[in-house]
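Novice: Before we start, here is the structure in question, set down as structure tokens.
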Amino acid sequence: PPETLEAASPGTLIWAAQVDGIELNPPATIWRMLYHSRNGQNQDIAVSGFAVVPTSASPEGERPVYAWAHGTVGLGDQCAPSHEIRDNLPPFGGMQVERGAVLVATDYEGLGTPGLPTNGDGDGEGRAVLDSIRAVSSLPEVGAIGDLALAGHSPGGAATMWASEIPASYAPELDLVGSVALAPGVELP
């Protein structure tokens, strides 16, 4: 992130860089990005992630979004999924891109950015997921955001559950239509 991070609305894109050298089928443009989010204490922070944008036209004028919340990858910044995108493409991602959806994946707070990773900070991780969707709307060729599906595995399953609980109050402009929490490490009542 910039040395001095000027406050901005959650989901505001700080920067994005196109990633070359990864061939995908169906064809798509890959972006590594940095965006504003809010941590568990509601403080403005920078969060990294990546997006896969189909080269095909958006279906019906709006782009559906498939947001992926990753599982355990390690605690060092070098472990952030956006550092090794090819090795961190999510399950069913290709099928979603083929149907015209944007795939977006957050690294969460402190993984790939300064600070400590926040494993288990559900509120902060849920916000990072939703703010990655807001940020991806600023990338070229995305256009208006349509239906949103969330999915995640292990800690990402828990982050998906948190992100599914807060859209009405945190990101009411997003149209969440479904969530899949795979093996979340949570206690359900």
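The values are calculated or read from the model by the stated rules, or taken from the named source; none is laboratory data. All values reported here derive from a predicted model rather than from experimental measurement. Using ideal geometry, Cβ is built from the backbone for each residue, glycine included, and neighbour counts are taken over all protein chains shown. Heads up: the accessible areas ignore ligands, DNA and RNA and are worked out on the full protein's heavy atoms, side chains in. Shrake-Rupley method; radii C 1.70, N 1.55, O 1.52, S 1.80 Å.
Novice: Under 11 Å from the Cβ of P54, count the other residues' Cβ atoms, weight Lys and Arg +1, Asp and Glu -1, and hand me the total. Could the numbers behind the result be given before it?
Specialist: Values: positive: R63, R99; negative: E98, E141.
Once all neighbours under 11 Å are counted, the net charge is 0.
Novice: Hey, any idea what Rg/Rh is for region 1-104, computing Rh the Kirkwood way over Cα pairs? Working shown, then result.
Specialist: Working: Rg = 14.6 Å, Rh = 14.9 Å.
Reported Rg/Rh (Cα atoms, Kirkwood Rh): 0.98.
Novice: Please list the non-local residues whose amide H lies under 5 Å from the amide H of I145, H modeled 1.01 Å from N, same-chain partners needing a gap of 5 or more.
Specialist: When sequence neighbours closer than 5 places are left aside, the close amide H contacts are R63.
Novice: OK, next. If you place +1 on the Cβ of every Lys and Arg and -1 on the Cβ of every Asp and Glu, how big does the dipole about the Cα centre of region 1-125 come out, in debye to the nearest 20? Each step should come with its number before you reach the end.
Specialist: Working: 5 positive and 16 negative charges, 53 e Å.
Its charge dipole is roughly 260 debye.
Novice: Tell me, what ³J(HN,Hα) does each residue in region 76-89 have, in order and in whole Hz, if you take phi through Karplus 6.51 cos²θ - 1.76 cosθ + 1.60 with θ = phi - 60° and put x for Gly and Pro?
Specialist: Whole-Hz 3J(HN,Hα) from phi for region 76-89: x, 4, 5, 8, 4, x, 5, 7, 10, 4, 3, 7, 10, 5.
Novice: Divide the volume of the convex hull of the Cα atoms of region 20-59 by its number of residues and quote the answer in cubic angstrom per residue. Can you show the working numbers first?
Specialist: Numbers: hull volume 3.9 nm³, N = 40.
Roughly 98 Å³ of hull volume per residue.
Novice: Further, regarding this structure: Which cross-chain or sequence-distant (5 or more) residues have an amide H under 5 Å from the amide H of H70, H modelled 1.01 Å from N in plane?
Specialist: T106
Novice: Right, here's the next one. Where the centroid of each part is defined by its Cα atoms, how far is region 116-189 from region 1-35 in Å?
Specialist: The distance from the Cα centre of region 116-189 to that of region 1-35 comes to 17 Å.
Novice: Can you figure out the FRET efficiency of W15 with V180, using R₀ = 22 Å and their beta-carbon distance, to the nearest 0.05?
Specialist: Values: r = 30 Å, r/R0 = 1.37.
Efficiency, rounded to the nearest 0.05: 0.15.
Novice: At 1.4 Å probe size, with every protein chain present, just tell me what the per residue accessible area of the chain comes to in Å². Intermediate results must be reported in sequence, preceding the final value.
Specialist: Details: 8930 Å² over 189 residues.
Per residue, the chain has an accessible area of 47 Å².
Novice: Ignoring ligands, DNA and RNA, how do Y170, Y108 rank by accessible area with a 1.4 Å probe, largest first? It would help to have the intermediate numbers written out before the result.
Specialist: Numbers: Y170 40, Y108 10 Å².
Output order, biggest surface exposure first: Y170, Y108.
Novice: Over 20 Å apart: what share of the alpha carbon pairs of region 49-128 falls there, rounded to a whole percent?
Specialist: Numbers: 1136 of 3160 pairs.
That fraction is 36 percent.
Novice: Accessible area of R86, 1.4 Å probe, to the nearest 10 Å²?
Specialist: In the full protein context, R86 sits at about 130 Å².
Novice: Next question. When the accessible area of region 95-174 is computed with all protein chains present and a 1.4 Å probe, what percentage of it is carbon and sulfur?
Specialist: Working: 1550 of 2890 Å².
That share works out to 54 percent.
Novice: Might you work out the accessible area of D44 for me, using a 1.4 Å probe with all protein chains in place, and round it to the nearest 10 Å²?
Specialist: 40 Å²
Novice: What ranking of V19, V65, V73 comes out by heavy-atom accessible area, probe 1.4 Å, highest first?
Specialist: Numbers: V19 25, V65 0, V73 50 Å².
Solvent-accessible surface, decreasing: V73, V19, V65.
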